[in-house]
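Since the structure comes first, as structure tokens, the remarks are kept for the end.
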Amino acid sequence: MSIYATVIAPFADYGFMRRALVACLSLALGSGPIGTFLVLRRMSLMGDAMSHAILPGAALGFLVAGLSLWAMSLGGLAVGLAVALLAGLVSRATSLREDASLAGFYLISLALGVLIVSTRGSNVDLLHVLFGSILSVDNEALLLVASISTLSLVALAIIYRPLVVECFDPGFLRAAAGGGSLYHIIFLVLVVLNLVAGFQALGTLMAVGLMMLPAAAARFWASTVWSLAALSSLIALASGWVGLLVSYNFNLPSGPAIILTAGAFYSFSILFGHHGSLRNRYFPGAHFHN
């Protein structure tokens, strides 16, 4: 089998493969920087919780309009934002930390969403909502994903400096600008938006994978915030491209193949990365002096 037939022909010959690759590109551009800031802010598990929190909204959209793109997206966005707001309010009104509050809400949301879909649809519908189908992404879904990615990049460019300051010294940001809560809310909105975009292609259970795994892998190779974000997007795109090829050539489900490819990049980075990897810790190498 030639390199062309293995690597290029699937995208050259089939429109659904090209659309899937464009979806991966759009998701990578938006989710890469968002995942980077989640890692830097030590909110990685919050991304996982929020990906489950959108499930009841998507399920309600499914209940009302079936597998409608806009109904499920708007439902997921509304419920995701509501869960984020409720978790913040509970953490401020009680002694419970925000991560614990989110964990509680996400478990409730996951169970409620599965229950709603199960009462109306079949097991196939449930699997579609939970795991998505990137090979069935149409032009309408591509437009939605690309729009969310563009909005995310513009918004991050506007609030980039306050976000970076908040990652490393939130006390200074509150003292200097007094708007730390505003930037936190904007960032949470961007997280939910990108999870909704990822949900269209990868489902609720895997949407966070393309956001967090590349960002975690990038930490082992880059040290500045902008390079982390750029490398995270690059790894996410490479994961999508390689995962689609693996899925096509070995007749495997595309979503899991993409996430497992991202997991392979992450595992390789743990072993051989330039910063803080196992290679650095146990095999630092010789130091040369002039």
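The values are calculated or read from the model by the stated rules, or taken from the named source; none is laboratory data. These figures come from a predicted structure and were not determined experimentally. Neighbour counts run over all protein chains shown; Cβ positions are idealised from the backbone, glycine included. What goes into the accessible areas is simple: the full protein's heavy atoms, side chains included, and nothing from ligands, DNA or RNA. Shrake-Rupley method; radii C 1.70, N 1.55, O 1.52, S 1.80 Å.
Miscellaneous remarks
- Selection from region 203-224 of residues that are more than 27 Å from residue 69 (Cα to Cα) and open to solvent by less than 20 Å² (accessible area, probe 1.4 Å): 215, 217, 218, 222
- Qualifying positions in region 15-63 - surrounded by fewer than 24 Cβ atoms within 10 Å (Cβ to Cβ), more than 13 Å from the chain's Cα centre (by Cα) and modelled with pLDDT of 85 or more: 15, 16, 17, 18, 19, 21, 22, 40, 41, 60
- Residue that is within 30 Å of residue 102 (Cα to Cα), modelled with pLDDT of 90 or more and polar (S, T, N, Q), where the choices are 232, 181: 232
- Any hit, region 151-173, residues being assigned to a helix (DSSP H, G or I), modelled with pLDDT under 90, among the aliphatic types (A, V, I, L, M) and surrounded by fewer than 19 Cβ atoms within 10 Å (Cβ to Cβ): yes
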